[in-house]
1. log₁₀ I(q)/I(0) of region A:12-65 at q = 0.13, 0.23 Å⁻¹, via Debye over equal Cα point scatterers, no solvent, to two decimals?
2. Taking the Cα centre of region A:4-127 as origin and charging only Cβ (+1 Lys, Arg; -1 Asp, Glu), how large is the dipole, in debye to the nearest 20?
3. Taking R0 as 35 Å, what's the FRET efficiency between A:E37 and A:E4 from their Cβ-Cβ distance, rounded to 0.05?
4. Rounded to the nearest 0.05, what FRET efficiency do B:D58 and B:D162 give with R0 = 35 Å and r taken as the Cβ-Cβ distance? Could you check?
5. Relative to the compact-globule scaling 2.2 N^0.38 Å, provide the ratio for the alpha-carbon radius of gyration of region B:112-159.
6. May I ask you to compute the full-extension gain from B:N14 to B:E141, defined as 0.36 nm times their residue separation minus their alpha-carbon distance, rounded to one decimal in nm?
7. How far, in nm, would the chain grow between B:T33 and B:L128 when pulled straight, counting 0.36 nm per residue and subtracting the alpha carbon separation?
8. Cα to Cα, under 30 Å, and not fewer than 8 places away if on the same chain: which lysines meet these conditions relative to B:K6?
Amino acid sequence: MLNEADQVNHKHRLDVLATCEATLLAERYRALGGVPECFPVRGPEIGMVMLRGRAGGSGAPFNLGEATVTRASVKLESGEVGHAVILGRDMEKARIFAHLGAMAQRAEWAARIDRDVIAPALAAREADRAVRAEETEATRVDFFTMVRGED
Amino acid sequence: MYVAVKGGEAAIANAHRLMADRRRGDRAVPALTLEQITGQLSLAVDRVMAEGSLHDPDLAAMAVRQARGDLIEAIFLLRAYRTTLPRFGHARPIDTGAMRLERRVSATFKDIPGGQLLGPTFDYTHRLIDPAMAGDEPVEEGLRRQREADAAAPRVTDILDDQGLIEPDVFSDDEPADLTREPTEYPVGRDLRLQALARGDEGFLLALGYSTQRGYGRTHPFVGEIRIGTVDIEVEVPELGFAITIGSVRVTECQMVSQFKGSADTPPRFTRGYGLVFGQSERKAMAMSLVDRALRADEFDEQRLAPAQDEEFVLEHCDNVMATGFVEHLKLPHYVDFQAELDLLRTLRAEQEQATADDHDTLSEAAE
């Protein structure tokens, strides 16, 4: 079982893996080289999760509608199990995610994965979000007041 | 006696083949790709996901293409597909307060923390068909502007709530009702109504929302806020023992602020209607929030007189897959049913003719 600090760190890692664009993730995964073999425990399999909102934004929950998800669990020969759940129907991405999640539990891999996969994935995600935010920012209304008539 | 009639198999097969041919159209023109549909007809894809009640842009784009652009047919396809998938569980309720905004406007306050962000909107266009749409002229990228350091954009309703001027959200973590799992029994809770409205037909809800503005269940609405953007989806993974973000989806939220209600214990304050929809779809979110408010009539001791206030009427008719199924089934063979009606009509007519003849006889006898 992971201690609390490691768990926070591991959650952050998994959040980045899940939201990483599939081709970038596959490319960084291949570039790692010499990865330990893994065996499927479950999946990859496609299903759905029910997404929920809250009445008024912060009231009681309600069911908004479902979304497709893919989940996968893999096991390393050394025993670590990796679990992945992602939105959408990309089985290869889910498998890579689960494999990296399992490997990251081994000390000799964790730092490398953080450096060679998580860091570039996070940078790409933040760059993408920054562009969108700045494009939205350009549509901000700057109100000004016009003085009318004579005083 | 019921006589089964067979036939039409060859005609059906040929009709489907012809439909596929017409759908493809001129073979000299390249076929539509999913990237073209999700990229350039994205609001159609959003509508299909919202009313198909399944978030998956590629599947929705395939459905749009398969349905030749008939969106209700595409919604039907997506609904049918979702019945083939297992449900792994549910996500944590999304936090629209933490949305990465792509558009955010308020019609109630000019100066709001976070400001007014117009985003990619049709508003303020002249609604003139642009000749450029007939060709493939280069299109400029959106302008970019550095964000202010503190760009926090709290929900407008939260700002009003801080001043006690609006009814507050009542937080709970109750398990919500699910109309896809249990049969609906009236009256229902607001949770189930919001689920039905979120997947309800945009046109039907638009008309009902419009009817409340025209006086059929008037609520004096103002758009407190519309926000469009992406929100993170988090799910608990039992094997991990904590929740992870599995991706993000774009949603549209509408907070409709309506006229006041007070009681002996509480001073008058604004009431609210809520709309939340997959994708960029503010017409639907606005219509949903108007109808949500109208359906809360009982909570505010309002008389239920208008269609938009009638929960069973709205919920039983807002689903376009159910509606189209029942309306469109009328065109399928009803030969036996109709034969029975025809027999009944002939009997009635024969009886009436007989009665007229008898009356005539009686009159003639009386005259003699």
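1. -0.61, -1.08
2. Using Cβ point charges on Lys, Arg, Asp and Glu, region A:4-127 gives about 260 debye.
3. Here the calculated transfer efficiency is 0.70.
4. 0.25
5. 1.71
6. Here the segment from B:N14 to B:E141 would lengthen by 41.1 nm.
7. 31.4 nm
8. B:K331
The values are calculated or read from the model by the stated rules, or taken from the named source; none is laboratory data. Since we're looking at a predicted model, the values are computed, not measured. In this analysis, Cβ positions are derived from the backbone assuming ideal geometry, glycine residues included, and neighbour counts consider all displayed protein chains. Quick note on the areas: whole protein, heavy atoms, side chains included, nothing else; ligands and nucleic acids left out. Shrake-Rupley method; radii C 1.70, N 1.55, O 1.52, S 1.80 Å.
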